[in-house]
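First the structure, in the form of structure tokens, and then the observations on it.
Each reported figure results from applying straightforward, stated rules to the coordinates on display, with no laboratory input. Note that the structure is predicted; figures quoted are calculated from it, not measured. Neighbour counts are summed over all protein chains in view; Cβ atoms, including those assigned to glycine, are modelled from backbone coordinates with ideal geometry.
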Amino acid sequence: MSAVLAAQQEAARSYGPFTRSEPDAPSDLLRERFHREGYLFFPGALDAARCASLLADIMEVLAPHLSWDATAGVPVLAGEPFFETDPIWDAVYPRIQALEGLHSLFHEPRLQRLMEIIAGAGPFVYPMKMARIAAPRKLGFETPPHQDAFSHHAGPTMAGIWVALHAADAPMGRLTILPGSHRRGVRPVHDAQGVGGVQCEIYADETHWHVSDVEAGDVVLFHSQTVHRAQANVDERRCRISVDTRFCDYGAPVFSTNLEPHHGWRIPSLNWESVYQNWESDALQYYWRDYPALF
């Protein structure tokens, strides 16, 4: 896509806030909303202290590239800006992947209950867990509009679950969702700059997106075919850090690449042996090996 066309599309977009949901709302109401809008937004669904603990571990790995601004309550860039897959990111990311708290977070009972609204009892949580680091002053390297059904080779019962680890506002590059886009199926893609390297087609009548500022512990669930993207981080210093994974109803087909650590296919030192090496518990190690529907 040309820079001119991208600018035209952005100029045509309008934005509304995420539709808010409560975890204790009737499950049938939440499922109906999920299938209508393609996502659910649960403010404060996860304990902020749990998020702070994981964020502290991530920040320790990211020093000296990032530091914590106690006044602003957010991570800030302390060194050169970087983006996913560049040399700085590749150097620190295996250590982030090795954090036991990153992987155990998505097996927390509170998040499991949210997944069960969509996937039923005992959802299968993908072993691939992801940390997102959106640094400032790297315009054009943000995640373009895409569908997980394409990138994860997944069927319609797969969904994503995304967790904010700290407060984030518009300049920091927020998660943005195209409501109802999942109802139009899996779309054609073309090469694009940014995380993932591809962008899905956006139709001419799809101009209204949903986005909100978030706080630590806010959670978003989204359908595998829901179009979503990251806004550019246009702040001078502040960084956005979030985490996410995918899940499905137990027994749904799961493609084999989802069984590897995130970016394990391109970073030679990143494998499950290195990830698990210093964990205190083996309860979640290789839990996925006996899953009955791998392909």
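So what is the relative contact order of the chain, in percent, for Cα pairs below 8 Å that sit 6 or more residues apart? Mind dumping the intermediate values first?
Working: 593 pairs, mean separation 83.8, N = 295.
Once normalised by length, the contact order is 28 percent.
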Full extension between Ala121 and Ser274 adds, at 0.36 nm per residue less the Cα distance, a length in nm of 52.0 nm
If each K or R counts +1 and each D or E counts -1, the residues other than Ala91 whose Cβ falls under 15 Å of its Cβ total -3
Between Arg31 and Ala283, the FRET efficiency computed from the C-beta separation at R0 = 25 Å comes out, to the nearest 0.05, as 0.25
Quick calc: nm separation of the 7 Å Cα→Cβ label points for Ala63 and Asp24 -> 4.0
Computed about the Cα centre, the charge dipole of the chain from +1 Lys/Arg and -1 Asp/Glu charges at the Cβ has a magnitude in debye, to the nearest 20, of 480
What the Cα atoms of region 26-276 span along the principal axes, largest first and in whole Å, is 45, 41, 36
Over its alpha-carbon atoms, region 1-142 yields an Rg and a Dmax in Å of 18.4, 48
With label points set 7 Å from each Cα along the Cα-to-Cβ direction at Glu215 and Ala72, the distance between them in nm comes to 2.0
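To the nearest 20 debye, what charge dipole does region 100-141 have about its Cα centre, counting +1 at the Cβ of each Lys and Arg and -1 at the Cβ of each Asp and Glu?
On the way: 6 positive and 3 negative charges, 65 e Å.
It comes to approximately 320 debye.
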Once amide hydrogens are built 1.01 Å from N within the peptide plane, the residues lying 5 or more places from Asp69 or on another chain with amide H under 5 Å from its amide H are Val74, Val76
Along region 195-210, Karplus-curve 3J(HN,Hα) (6.51, -1.76, 1.60; θ = phi - 60°) to the nearest Hz, with x for Gly and Pro, reads 4, x, x, 9, 10, 7, 5, 10, 7, 4, 8, 9, 10, 9, 10, 10
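Within the set of other residues whose C-beta is less than 11 Å from the C-beta of Asp244, count the net charge using Lys and Arg as +1 and Asp and Glu as -1.
Working: positive: Lys129, Arg132, Arg246; negative: Asp148.
Summing Lys/Arg as +1 and Asp/Glu as -1 gives +2.
Enter the per residue convex hull volume of region 104-169, computed from alpha-carbon coordinates, in Å³ rounded to the nearest integer. It would help to have the intermediate numbers written out before the result.
On the way: hull volume 8.6 nm³, N = 66.
In region 104-169, the Cα hull volume divided by residue count equals 131 Å³.
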The set of residues whose placed amide H lies less than 5 Å from the amide H of Ala167, leaving out same-chain residues fewer than 5 positions away, is Ala216
When the charge dipole of region 26-276 is computed with +1 at the Cβ of Lys and Arg and -1 at the Cβ of Asp and Glu, the Cα pointing farthest to the positive end, of Val243, Phe42, Phe141, is that of Phe42
If the chain between Leu294 and Ile88 were fully extended at 0.36 nm per residue, the gain over the current Cα-Cα distance would be 70.8 nm
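Please give the contour-minus-distance gain from Ala12 to Val198: 0.36 nm per residue of separation, less the Cα-Cα distance, rounded to one decimal in nm.
Values: separation 186, 0.36 × 186 = 66.96 nm, distance 2.11 nm.
Here the segment from Ala12 to Val198 would lengthen by 64.8 nm.
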